[in-house]
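First the structure, in the form of structure tokens, and then the observations on it.
The values are calculated or read from the model by the stated rules, or taken from the named source; none is laboratory data. This one's a predicted model, so the numbers in the text were calculated from it and none came from an experiment. For neighbour counting, all protein chains shown are included, and Cβ atoms are generated from backbone atoms with ideal geometry for every residue, glycine included. Heads up: the accessible areas ignore ligands, DNA and RNA and are worked out on the full protein's heavy atoms, side chains in. Shrake-Rupley method; radii C 1.70, N 1.55, O 1.52, S 1.80 Å.
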Amino acid sequence: MANSKKLSEVQISTDCWQASRDADTGSKEKWLAAKRATEQEEAAAWAKQFDMPPLEGPKKTLDWGERSRHQLMTAAHTALVVEGSWGEPDWAELEEKARAITRAGWWIDQRDADGSDLLELLDAAGEADRATENPFR
């Protein structure tokens with residue numbers, strides 16, 4: 001038995017390993033694309049429901065920014081209203097501040113922020129991140 005290999009010690013050829021890895025990468029990419037599409041649909045529906053303005057910026061950042069805004073606003077609502085002590089008037093004020101931030105890159109930059117920090121982040125946003133006027137309200 002000293003010369004026998006355990007199953008975990010069996011080596012596969014480089015070609016087999018690469019084929020296995022590439023197949024796995026393909027399925028991961030499909031899964032990720034489907035997840036992003038679902039998140040995008042949810043973000044677009046949310047933006048429409050809550051009267052959020054379209055974001056501005058390079059085309060390749062718009063969807064990502066929209067998903068980031070949706071995720072951060074949802075996290076903020078959970079932290080501040082559902083689990084926190086905020087009432088409807090407080091939340092309505094935060095929503096108005098969020099509507100003013102239309103630069104997709106700003107929302108992307110904040111994507112890892114804690115939802116409870118959103119009000120402070122919105123207050124600290126620069127003029128370049130804000131719309132000059134909101135024609136949708």
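Structure above, values below:
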{"read-out": "Positions within the range 52-73 being small (Gly, Ala, Ser), open to solvent by less than 10 Å² (accessible area, probe 1.4 Å) and out of contact with any Leu (no Cβ under 9 Å at 6 or more places or on another chain), in sequence order", "value": "SER68"}
{"read-out": "Residues being more than 16 Å from ASP51 (Cα to Cα) and among the acidic types (Asp, Glu) - total across the range 89-135", "value": "9"}
{"read-out": "Residues being of a type in the set (Lys, Arg) and either more than 15 Å from ALA43 (Cα to Cα) or over 17 Å from the mean Cα position of the chain (by Cα) (or both) - total across the range 69-98", "value": "1"}
{"read-out": "Those residues of the range 74-110 which are assigned to a helix (DSSP H, G or I), open to solvent by less than 80 Å² (accessible area, probe 1.4 Å) and without any contact (Cβ under 8 Å) to a residue 12 or more places away in the chain, in sequence order", "value": "VAL81, ASP90, ALA92"}
{"read-out": "Residue in the range 30-47 that is open to solvent by 60 Å² or more (accessible area, probe 1.4 Å) and modelled with pLDDT under 85 present", "value": "yes"}
